[in-house]
Structure formats: structure tokens, C-alpha cells
Amino acid sequence: MTNMLIADFHIHSKYSRACSKNLTLPAIAAACETKGIDLVATSDFTHPAWMKHIDEELEECAPGIFQLTGTRSKTKFILVTEISSIYSQGGKVRRVHSLIFSPSIAAAKQLIKILTEEGCNLKSDGRPIIGVSAKELLRICHEISPDMELVPAHAWTPWFSVFGSKSGFDSLEECFGELTPLVHAIETGLSSDPEMNHLVSALDNITLISNSDAHSLDKLGREATVLSIDTNKKYSYHDILGAIRNKKNIDTIEFFPEEGKYHIDGHAVCKFSCDPDETKKLNGLCPVCHRQMTVGVLSRVKELSNRSSSKVIHTSRHIIPLIELISHVKKVGVSSKKVTSLYDEMIKKFGTEFSILLEVDVALIGSCDEDVARVIAAMRSNNIKFSSGYDGIFGKIIL
């Protein structure tokens with residue numbers, strides 16, 4: 001994508017729970033080159049072993065921007081990690097995940113020092129669980145450096161987010177109080193997209209970013225943030241921060257929200273799901289076992305919305321990850337030889353996954369596989385149907 005920087009600001013390392021052991025910085029850099037990602041989060045910088053890995057493997061190539069030592073890859077890194085805050089407020093247990101952007105290694109290490117002094121166990125998980133509230137975490141970050149940025153992660157998912165149905169708040173102000181003006185962006189998460197978010201007018205002045213939350217190399221870039229920054233020129237952390245804070249020419253590449261694992265309401269144990277209107281009729285109870293269903297993102301957005309149609313503020317394009325798309329077309333697993341061979345052939349012929357999904361002429365893609373080309377054409381025109389995801393179960397493409 002000419003004169004555009006594709007960034008994935010939310011991934012994890014091998015030190016995060018339930019994440020691949022292949023998630024090392026050199027492997028992440030190589031995978032980003034295949035995907036077409038220009039800038040990626042270091043992830044997990046509060047974990048001592050991962051910070052050591054960052055110190056050993058990365059060098060600063062521009063203020064706040066890093067690369068593998070010795071320019072082994074064109075992939076650039078930025079210091080971003082995820083922190084899980086679990087605390088009580090307003091008579092409820094709150095579980096809010098936050099992305100923390102750091103302008104420097106020194107600032108990141110200062111955050112580590114303060115959280116350690118607060119009694120937080122940063123060694124147990126790459127995404128640590130702390131008893132510090134989201135508001136207090138924001139205050140700490142801003143006091144370390146006004147250039148540190150806190151972004152509420154996957155803002156709508158039920159269990160661990162600022163607006164989540166199970167443990168969140170009804171507004172940013174309810175969560176962050178007088179510090180709310182310091183919150184400039186939220187992450188949409190896999191189960192929502194900008195169109196859904198813009199049903200809530202309170203978010204009109206909030207930048208929307210999208211990222212993969214990857215727990216393995218193949219999940220990198222399943223969502224991404226696109227910035228109008230020329231990747232042929234040097235850019236700094238402040239260029240990225242300025243774009244986020246000023247909503248400057250930011251677009252996103254989105255998972256189809258129906259495919260997200262918390263898009264609609266349901267109860268996975270009973271294999272039951274329904275849309276928001278049906279949930280209301282059922283008083284939120286699963287008709288099979290009569291227990292509370294998990295209220296998903298679509299219901300939560302509608303609950304907080306004050307518009308009947310989305311205000312067009314933000315440009316986004318929806319994708320299905322290429323390996324997944326091929327797997328669905330061929331009706332075999334993503335790790336099968338048939339799928340991986342075709343994926344490798346297409347990457348070798350056309351360059352990167354994002355170029356295949358978004359740019360390469362469909363007729364050319366058809367020279368590799370006509371069925372895959374037809375599905376990519378349908379995807380580009382948003383002409384894809386899904387069995388929507390619910391209660392931790394990903395949605396399924398209906399071909």
C-alpha cells in the first residue's frame with residue numbers, strides 16, 4: 001500500500017499465557033515481512049525475560065522505533081504491551097485490559113519499577129494481572145512521561161474490557177474520571193468494527209485502532225492499523241503518537257466482526273446463540289439450561305448506542321486471513337499441505353498477504369486458484385456470510 005504504514009500494535013510473546021513458543025522477535029519480524037506489516041509491537045515489555053530479549057535483539061533506528069540488530073529485517077518495532085487490571089469499583093469487580101505505548105526503553109523500565117514497587121507480579125505472565133485500576137495505571141504512565149499512551153484494549157469484549165458486559169463501564173468517564181481527556185483512542189477488538197463503534201456518539205472524538213492480539217505467528221495482522229506515513233522515510237514514535245492522538249489519517253484493516261468469538265450473545269456449553277433482540281425476549285437466559293448467557297459485543301454496542309445508523313468518520317476494509325480463507329475453500333485444516341503449499345505459492349508470486357487480500361488483481365490471483373480468487377473478490381465487496389461467533393466460539397464462514 002503506497003505511502004501507507006501498516007501497523008499491528010497488539011501482539012504477544014512466548015511468555016504470555018496460551019501463546020506460541022515460536023513468538024520471538026526474529027520470528028515475529030520474519031512473519032511481518034510475509035504478512036506485509038511494517039511496524040509491530042514488541043509486546044510484553046513488562047516481563048523481565050522478554051525485556052532482556054528486547055535489549056539483546058533490538059536497536060533503536062529512530063526515536064522510539066526499533067529494528068533487529070544489524071538490520072536483519074525491514075520490520076520495525078514499537079514498545080507496546082498489554083496489562084490486565086482487575087480491581088473493585090462501584091460495587092463491581094472490574095477487569096480492564098490496556099495497551100501501553102512507551103516512547104523509550106527507559107520509560108518502559110520506569111513503569112516496570114513502579115509496578116514492582118506496587119507489589120505487582122510481572123514475572124508470572126507476559127500480560128501481567130495487576131490490582132492497579134485502569135485510571136491509576138493511566139495516571140502512572142502519564143507521570144512517567146506525557147508521551148506514554150494508554151489505549152483500552154479490545155474495548156467491547158465481555159470479560160476483560162472497558163465496555164465489556166461482564167466487568168466494564170458504560171462510559172470512558174465512568175472508568176477514568178477526570179483523566180478521561182488523556183484517553184485518545186480505543187482498540188475495536190475482533191468482534192466489533194468502526195461502523196459499530198460509530199453508533200456511539202461519545203466515541204466521535206476517539207481514535208479507533210485495530211490490531212491482531214496475536215497469540216501465534218499466523219495470527220499476526222488479522223487486524224491492523226493503517227497510517228498515512230511514508231515507509232520509505234524515517235519516522236519516529238512521535239509521528240505514530242501524533243497520528244493516534246490527532247486522529248490523523250488513520251484507517252483500519254478489520255476482521256469481519258461476525259467472525260469474532262464474542263460478536264453475538266449465547267451459551268457455548270448449550271451450543272445456543274441469538275441476536276440482541278432475542279436475548280431481550282429471553283431476559284438474557286439460555287433457553288436450554290436457563291442460566292445467564294454471555295452478552296456479546298453487538299448487544300453491548302446497541303445498549304450504549306444513541307444512533308440508528310453509523311456516522312461515517314473512519315475508513316476500514318474487512319479481510320479474512322489468507323491461510324484461513326484457503327482452508328475454508330479447500331475444506332481442509334490450515335496446517336494441511338494443500339493449504340500451506342498454495343499459501344506459499346501465492347506469497348512467492350505476489351509478495352505479501354495484505355497485497356493479495358487487498359490489492360492484487362483478482363484475475364491474477366485466479367492464475368493460482370480460481371476458487372480462492374472468487375472468495376477474495378466476494379470478501380473485497382463484503383459479500384461474505386457468517387455463522388456469527390459467540391461466548392468464546394469463533395464465527396464460521398459460510399461459502
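No lab work stands behind these numbers, since they all come straight from the coordinates. Only a predicted model underlies this, so the values are computations on that prediction, with no experimental measurement involved. Note that each Cβ is placed from the backbone with ideal geometry, even for glycine, and that neighbours are counted across all protein chains shown.
Descriptive notes on the structure:
- Judged by the mean number of other Cβ atoms found within 10 Å, the most tightly packed of the peptides 170-177, 52-59 leads the ranking 170-177, 52-59.
- In range of the label at Asn232: residues from the stretch 1-42 whose backbone nitrogen is under 13 Å from the point 7 Å along Cα→Cβ: 1-4
- Relative pair counts by distance (%), Cα atoms of the chain, 20 Å bins: 28, 60, 13, 0
- DSSP bridge orientation in the stretch 253-331 - percent antiparallel, rounded to nearest 5: 60 percent
- The relative contact order of the chain, computed from alpha carbon pairs under 8 Å that lie at least 6 residues apart in sequence, is 16 percent.
- Evaluating 6.51 cos²θ - 1.76 cosθ + 1.60 at θ = phi - 60° for every residue in the stretch 151-163, the Karplus couplings come out as 10, x, 7, 5, 4, 10, 5, x, 8, 9, 7, 5, 10 Hz, glycine and proline recorded as x.
- In terms of overall dimensions, the stretch 173-227 has a Cα radius of gyration and Dmax of 13.1, 40 angstrom.
- Hits among lysines - C-alpha to C-alpha of Lys52 under 17 Å, sequence gap 8 or more where chains match: Lys14, Lys21, Lys109, Lys113, Lys123
- Global geometry of the stretch 323-383, whether rounded, prolate or oblate, following the gyration tensor of its Cα atoms and the 1.5 cut on a/c: oblate
- Sorting 222-234, 187-199 by average packing, meaning the other beta carbons within 10 Å per residue, from highest down gives 187-199, 222-234.
- Mean separation of Cα contacts under 8 Å, 6 or more apart, over the residue count of the stretch 323-383: relative contact order %: 27 percent
- Reported to the nearest whole Å, the Cα centre-to-centre distance from the stretch 47-78 to the stretch 160-228 is 26.
- For Pro276, the shell of other residues with beta-carbons less than 13 Å away shows a net charge of -1, using +1 for Lys and Arg and -1 for Asp and Glu.
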